[in-house]
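What follows is a set of notes on a single structure, which appears directly below.
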Amino acid sequence: MHWLLRDRRLLLQRPFVLGIVNVTPDSFSDGGLFFGPMAAADHAERLLDEGADGVDVGGESTRPHNGGSVPVDEEVARVVPVVRAIRERRPDAIVTVDTVKGAVARAALAEGADAINDVSGLRLDPSVAAACATVQAGLVLMHSRGTVADMATFTHATYGEDVVGEVVEELELALARATDAGLPAECVVLDPGVGFAKRSEHSLAVLRELARLAALGRPVLVGASRKRFVGELSEVAEPAARVHGSVGAHVAALAGGARLFRVHDVRAHREALDVAWAVLRG
Ligand code: HH2
């Protein structure tokens, strides 16, 4: 199992920890903490020092909101200087950019980003796929429904008997959109989108049956970090304090077949996932 990003082939021989760098004023657990480009780049370096294999830089929060989405120029201005600074300071670090917009993806890739993380799974702007295809960049396709403003609500959490089947089917369509645009399947990673158009029981179902997603033949990424269902199950109200519950969800996901983990708390995940991996690998 490997992931192709530009000219790099990651073998995923141990859990891949992707540290979160939110360059936003409003993210649900760390909004405003790293809003300036230098604060964000410093944070990225800290996460890499703590053992992250890569960092995911995002300039638009998916926290439910009523306003429109962040304008392209604003999102580019948030993200590009951070990608540039990380590239200068850590030329070998893997840098992904969390965006649903083709124009932002193109700007980030031109600055040397290795992959795009599209939480809409190419639903909102299919040109993200073409942007990645031009340079054979990596592409994370996450399952969600609705717009950026409401994808993290329950508005579209309407499923029949088989939630997991519907999620897998919609991600299979996303994968087809990517390959139809000329991106090799090897560049794609799939993510069930924990907490996106999913009530807690839906998130638990997809985590429990990750094997059905892995059966599509691509590596699986999970992002349960600090999310609401983790808070509900562990009874921890404050998102930033949900580290132990997040680690629990991700270790279970590793056992279920996930290989990449998008996390806020890198050190705890690095240690826990490496130990869990040694046990599971036998
Ligand atoms: N979750 C969030 C954002 N991007 N990308 C992937 N691939 N998977 C996820 O589960 C995922 C994601 C939401 O978390 P966060 O970035 O902390 O919050 P916000 O969207 O409010 O910035």
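Structure above, values below:
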quantity: Normalised alpha carbon radius of gyration of the range 42-177 [divisor 2.2 N^0.38 Å]; calculated: 1.09
quantity: Relative contact order (percent, whole number), the chain, Cα cutoff 8 Å, 6+ residue spacing; calculated: 19
quantity: Viscosity 1.567 mPa s, 4 °C: Kirkwood-radius Stokes-Einstein D of the chain over Cα pairs, µm²/s; calculated: 71
quantity: Ratio of Rg to Rh over the range 22-61 (Cα coordinates, Kirkwood Rh, two decimals); calculated: 0.96
quantity: Per-selection Rg to Rh, the range 113-200 - Cα, Kirkwood hydrodynamic radius; calculated: 0.99
quantity: For Ala137, residues with placed amide H under 5 Å, excluding near neighbours; calculated: Arg6
quantity: Relative packing of peptides 234-242, 83-91 - highest average C-beta neighbours within 10 Å first; calculated: 83-91, 234-242
quantity: Largest-first principal axis extents, alpha carbons of the range 126-282, Å; calculated: 43, 39, 28
quantity: Computed helical MRE - 222 nm, the chain, DSSP H runs ≥ 4 contributing -39500 (n - 2.57), nearest 500; calculated: -13000 deg cm²/dmol
quantity: The range 37-110 - convex hull of the alpha-carbon atoms, volume per residue in Å³; calculated: 94
quantity: Ranked by how many other beta carbons lie within 10 Å on average, peptides 210-216, 273-279, 51-57, 93-99 from highest; calculated: 93-99, 51-57, 210-216, 273-279
quantity: Prolate/oblate/rounded call for the range 167-234, Cα gyration tensor, a/c under 1.5 rounded; calculated: prolate
quantity: Calculated SAXS-style log₁₀ I(q)/I(0) at q = 0.12, 0.18, 0.26 Å⁻¹ - the range 194-265, Debye, Cα scatterers; calculated: -0.28, -0.63, -1.22
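No lab work stands behind these numbers, since they all come straight from the coordinates. As the structure is a prediction and not an experimental result, all values here were calculated from the model. A quick note on method: Cβ atoms are made from the backbone with ideal geometry, for glycine too, and the neighbour counts reach across all protein chains shown.
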